[in-house]
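Report on one structure; see the data block that follows.
The values are calculated or read from the model by the stated rules, or taken from the named source; none is laboratory data. Since the structure is predicted, the reported quantities are computational estimates derived from the model, not experimental observations. When we count neighbours, we look across all protein chains shown, and the Cβ atoms used for this are built from the backbone with ideal geometry, even at glycine.
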Amino acid sequence: MKSRKNLNAAMRKPEILEGYYNVLIREGLENTSISKIAKELGIHTSLIFHYFQNKENLTFELVQLMIEKFKSAHLLVFEDIEDPNERYAALLDLIFSLQWSRTVDPGVHFGFYYQSFRDQRTLEHLQGMFAWLRDYIEEQLVIFNDHGIITVQEPRKAADYIVTLMEGMEFHSQFLRDGKPFEDFSESVKTSVRALLASGVL
């Protein structure tokens, strides 16, 4: 049985991390402070320091929480699909969807990307997240290959392409979409990926 102290931590830490996330959306990584997070939650700054000691640890744990968001809700539905053709279509629909892209607020996501150039722990955790995603997609591509749905010689390289294109979707949405819906470009990218995976080029 968990002690009262551990139960309090289990309840308060996610609450503080969620408050931090909300402030990040409004203020950005550079302008977010412990005092702003405390004000957001209506608590004293000492409580945040009690659980996290400093902003660096707070950021580190939020990165971990964001990674878990990518690993959980979306793929749970996908995992229930047994037919490989339906599973293939559902996977592409998922990873090139606005829902997937906005699992984490884009400003926060790119804030962590920026942070990874200056903080080794953030870099390692983001590398771990993308490696997990690449490996997961690679496993699925091997299955689709075995069923004759796609023709891929190097599943790992193909998975690298897909993850890179996925990340590029938000870049395109921010800088190049010319006011068009996110889905317009994502559908064309998805069609291109289908053709590429069927071509045997990779």
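Counting only helices (runs of 4 or more DSSP H) that sit completely within the range 44-96, those holding 1 or more residues that are outside the structural domain of R118 (by TED's automatic domain parsing) and either touching a helix residue (DSSP H, G or I) at 6+ places or on another chain (Cβ under 8 Å) or without any contact (Cβ under 8 Å) to a residue 12 or more places away in the chain (or both) correspond to 45-52, 55-71. Summed over the range 98-152, residues that are assigned to a loop (DSSP other than H, G, I, E, B) and either touching a Leu at 6+ places or on another chain (Cβ under 7 Å) or farther than 19 Å from G168 by Cβ (or both) total 9. Residue pairs whose Cβ atoms lie under 8 Å apart, separated by 6 or more positions or on different chains, with the first residue in the range 108-119 and farther than 9 Å from V63 by Cβ and the second small (G, A, S), are G111/G28.
Take A159 and decide whether it is touching a Lys or Arg at 6+ places or on another chain (Cβ under 8 Å) and either surrounded by 13 or more Cβ atoms within 10 Å (Cβ to Cβ) or without any contact (Cβ under 8 Å) to a residue 40 or more places away in the chain (or both).
Yes; evaluated as a whole, the condition is true for this residue.
Summed over the range 150-202, the residues that are among the small types (G, A, S) and more than 18 Å from L94 (Cα to Cα) give a count of 4.
Among the residues in the range 59-70, are any charged (D, E, K, R), under 20 Å from G111 (Cα atoms), surrounded by 14 or more Cβ atoms within 10 Å (Cβ to Cβ) and over 17 Å from the mean Cα position of the chain (by Cα)?
Here is the first cut: in the range 59-70, the residues charged (D, E, K, R) are 61, 68-69.
Filter once more, keeping what is under 20 Å from G111 (Cα atoms): 61, 68-69.
Next, from what is left, pick out any that are surrounded by 14 or more Cβ atoms within 10 Å (Cβ to Cβ): 61.
After this cut, where a residue has to be over 17 Å from the mean Cα position of the chain (by Cα) as well, the list is none.
No, there is no match, as no residue in the range 59-70 is charged (D, E, K, R), under 20 Å from G111 (Cα atoms), surrounded by 14 or more Cβ atoms within 10 Å (Cβ to Cβ) and over 17 Å from the mean Cα position of the chain (by Cα).
Looking across the range 151-202, the residues that are in contact with an Asp or Glu (Cβ under 7 Å, 6 or more places away or on another chain) and modelled with pLDDT of 95 or more come down to P155, R156, A159.
Tell me whether the range 9-17 contains one or more residues that are farther than 24 Å from R121 by Cβ and at pLDDT below 90.
The first filter runs over the range 9-17 and keeps only residues farther than 24 Å from R121 by Cβ, leaving 11.
If we keep only those that are at pLDDT below 90 as well, we get 11.
The answer is yes, given that some residue of the range 9-17 is farther than 24 Å from R121 by Cβ and at pLDDT below 90.
Within the range 98-136, being over 14 Å from E167 (Cβ atoms) and polar (S, T, N, Q) holds for Q99, Q115, Q120, T122. Just one of the listed residues (F96, F78) is at pLDDT 90 or above, among the aromatic types (F, W, Y) and touching a Lys or Arg at 6+ places or on another chain (Cβ under 8 Å), namely F96.
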